[in-house]
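The values are calculated or read from the model by the stated rules, or taken from the named source; none is laboratory data. Remember, it's a predicted structure, so these values are computed and weren't measured experimentally. Virtual Cβ from ideal backbone geometry, glycine too; neighbours counted across all protein chains shown. These area figures cover heavy atoms from the full protein model, side chains too; ligands, DNA and RNA do not enter into them. Shrake-Rupley method; radii C 1.70, N 1.55, O 1.52, S 1.80 Å.
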Amino acid sequence: MSRIGRIPIQIPAGVSVKVQDGKIFVKGPKGELSMNLTPPISVKIEDGKIFVMNPKPDERKAKALHGTTRALINNMIKGVVDGYKIELDIAGIGYRADMQGDTLVLKVGYSHLVNFKPPSGVKVGLRSPVRIFVEGIDKQLVGQVAADIRAIRPPDSYKGAGIKYEDEVLNLKPGKAKGKKK
């Protein structure tokens, strides 16, 4: 039995959870999310808590899904209450970002501007011309949009120029001249 999966999830005030036809629906102050439950995993709601049930604890697939399902439901609840936010930094001479409506326009060393239109449910904005934020209620979608923006120009391994996560640590390689011995 999964140690994570058997921990009950507390339902905060202002959040409603409903299980219907193999789906779980979570509605809160920031929005609404839903997820399909994969058999044999089931969900039971009692006394303001969600219990993720695994009727086949000896089955390999069921064991894997038990903790994962609990974590996904917990992420849904946290998303509709607080939301998720990821910040990206742009480094490099002349590299910058701009917003045109809801489209992110990046100038990151290519011969053309790169336009990025975020999917619905995710908000992309700027703190400054070199600081981008991505926020929304779906943790997976926010992370994927941030990864897609970073993939436009990942940081290079010599100067670190490109788009990186706010807390990402780069291990820069020494240049050609640094390795020479006299």
Only one of these conditions is not met by ALA97: (1) buried (at least 18 other Cβ atoms within 10 Å of the Cβ); (2) in contact with a Leu (Cβ under 6 Å, 6 or more places away or on another chain); (3) over 30 Å from VAL130 (Cβ atoms). Which number is it?
-> (3)
Name the strands (runs of 3 or more DSSP E) wholly inside region 100-181 in which the number of residues that are touching a residue at least 40 places away in the same chain (Cβ under 8 Å) and open to solvent by 80 Å² or more (accessible area, probe 1.4 Å) is 1 or more.
-> 122-128
Region 21-30, residues that are modelled with pLDDT under 95 and not charged (D, E, K, R) = GLY22
Taking into account only those residues within region 50-91 that are more than 25 Å from the chain's Cα centre (by Cα) and of a type outside the set (A, V, I, L, M), which is least open to solvent (accessible area, probe 1.4 Å)?
-> ASN54
For region 1-15, name all the residues that are polar (S, T, N, Q) and either in a loop (DSSP other than H, G, I, E, B) or open to solvent by less than 100 Å² (accessible area, probe 1.4 Å) (or both).
-> SER2
Out of curiosity, is ASN54 modelled with pLDDT of 95 or more and of a type in the set (S, T, N, Q)?
-> no
